[in-house]
1. Decide, for the chain, between rounded, prolate and oblate: order the square roots of the alpha carbon gyration tensor eigenvalues as a ≥ b ≥ c, take rounded if a/c falls under 1.5, and otherwise choose prolate if a/b is larger than b/c, else oblate.
2. Could you give the angle, 0 to 90 degrees to the nearest 10, between helix 36-48's Cα long axis and the longest principal axis of the Cα atoms of the chain?
3. Placing unit charges on C-beta atoms (Lys and Arg positive, Asp and Glu negative, everything else neutral), compute the dipole magnitude of region 115-236 about its Cα centre in debye, rounded to 20.
4. Under a 5 Å amide H to amide H cut-off, with H placed in plane at 1.01 Å, what residues pair with Gly259 once short-range neighbours are removed?
5. Which whole-Hz couplings ³J(HN,Hα) result when phi for each residue of region 217-226 is put into the Karplus expression 6.51 cos²θ - 1.76 cosθ + 1.60, θ = phi - 60°, listed in order with x for Gly and Pro?
6. Which of rounded, prolate or oblate describes region 237-322 when judged by the alpha-carbon gyration tensor and an a/c cut-off of 1.5?
7. Past 20 Å, Cα to Cα: identify those pairs from Lys162/Lys238; Lys71/Lys238; Lys250/Lys304; Lys71/Lys300, in the order given.
8. 7 Å from Cα along Cα→Cβ at both Gln41 and Arg158: what's the point-to-point distance in nm?
Amino acid sequence: MKKLLYLLALPLFLIGCGGSKPAEAAYVSSAPSFNEDSAYQYVADQCAFGPRTMNSAAHDSCGNYIAEKFKSFGCTIYDQYADSKLHDGTPIKMRNIIASFNPEASARIIIAGHWDSRPWADNDPDESVHNTPIDGANDGASSIGVMLEIARQLYNHRDSSKVHVGVDLICWDAEDAGVSDGQSESSWCLGSQYWSGKRHFDGYTARYGINLDMVGGNNTVFYREMYSMTYAPGIVDKVWAAAGRIGYGKYFSYDEKGGYITDDHLEVNRGGIQCVDVIGSDTNDGGFPATWHTMNDNIKNINKSTLKAVGQTMLEVIWTEQ
Ligand code: AHN
Ligand code: ZN
């Protein structure tokens with residue numbers, strides 16, 4: 001008899017609702033709000049030093065600025081200074097800057113990006129600037145700007161006990177002085193190559209990493225990059241799902257348009273830590289952003305909405321990591 005009542009109750013309940021689906025509870029994120037104006041300011045600050053090309057005074061001053069900023073947000077700084085050589089043999093002095101938030105935590109995640117800028121605007125339609133260094137507002141400074149704002153949020157909310165992992169914000173040097181011939185892979189990503197061989201301290205590890213590259217441009221979309229899909233498909237799912245549930249699915253696209261891109265995440269994967277690349281593509285043609293390696297990669301072409309989409313997604317990932 002009881003069973004029968006239930007069977008009767010169900011259709012009555014459905015009729016009672018007028019046939020419409022019960023309203024789904026809206027997802028409420030526990031993460032704080034990422035401030036895109038703040039991130040933008042950090043991008044502008046870096047650009048104000050001038051191009052951060054290897055061995056330049058602007059590069060070295062900007063490195064100090066980045067380290068000091070992270071320190072002011074309570075991070076412990078590990079510096080990795082190393083000598084290396086560009087593809088043409090030019091000796092360079094590299095500095096990977098590792099800013100660790102909550103360094104005591106044993107469960108850690110990495111958020112990374114490169115802080116150097118390309119010494120040549122060799123993709124500019126104007127051939128006369130092919131040897132001129134670029135500001136790298138998007139290609140370089142945007143990632144670090146987002147990472148600094150993440151550190152500021154971690155610091156401001158350090159007492160809320162909602163973050164259960166330590167976060168290492170890794171600023172790679174010497175990513176962008178590679179040869180664009182499609183066959184000189186080892187000429188790129190010199191800082192992450194070095195770190196992959198020798199981490200900032202013996203025994204350092206992390207659950208996974210997320211590398212950011214060109215995360216502040218106009219007309220930007222993030223496809224699932226193919227090395228990330230190969231080495232770290234579960235982390236790709238985690239990041240793209242986080243973006244989708246907080247309303248940034250338009251930026252983090254599931255369209256199958258991602259290519260294999262040599263970038264700093266590759267070295268992290270090869271070193272045994274799963275790492276995905278969140279790298280901007282142009283919504284118009286799916287290729288690198290229109291300003292890529294041109295003189296137009298400057299602060300005028302930085303888009304706060306793109307910074308917000310990426311930064312908020314990173315906070316969502318951090319704040320939901322158990
Ligand atoms: C190559 O062009 C081989 N990789 C692109 C990595 C890159 C350069 N990201 C920003 N600038
Ligand atoms: Zn570049």
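The values are calculated or read from the model by the stated rules, or taken from the named source; none is laboratory data. These numbers come from a predicted model, not from an experiment. Here the Cβ is made from the backbone with ideal geometry for all residues, glycine too, and neighbour counts use every protein chain on show. Quick note on the areas: whole protein, heavy atoms, side chains included, nothing else; ligands and nucleic acids left out. Shrake-Rupley method; radii C 1.70, N 1.55, O 1.52, S 1.80 Å.
1. Values: a/c = 2.12, a/b = 1.75, b/c = 1.21.
Verdict is prolate for the chain.
2. 10 degrees
3. Numbers: 8 positive and 18 negative charges, 187 e Å.
Result for region 115-236 is approximately 900 debye, rounded to the nearest 20.
4. Close amide H contacts, sequence-distant or interchain: Met226.
5. Running phi through 6.51 cos²θ - 1.76 cosθ + 1.60 with θ = phi - 60° gives x, 7, 6, 10, 9, 10, 8, 6, 5, 7 Hz.
6. On the way: a/c = 1.67, a/b = 1.22, b/c = 1.37.
It is oblate, given that a/c is not under 1.5 and a/b is not larger than b/c.
7. Table pairs above 20 Å Cα-Cα are Lys71/Lys238; Lys71/Lys300.
8. Distance between the two pseudo-spin positions: 1.9 nm.
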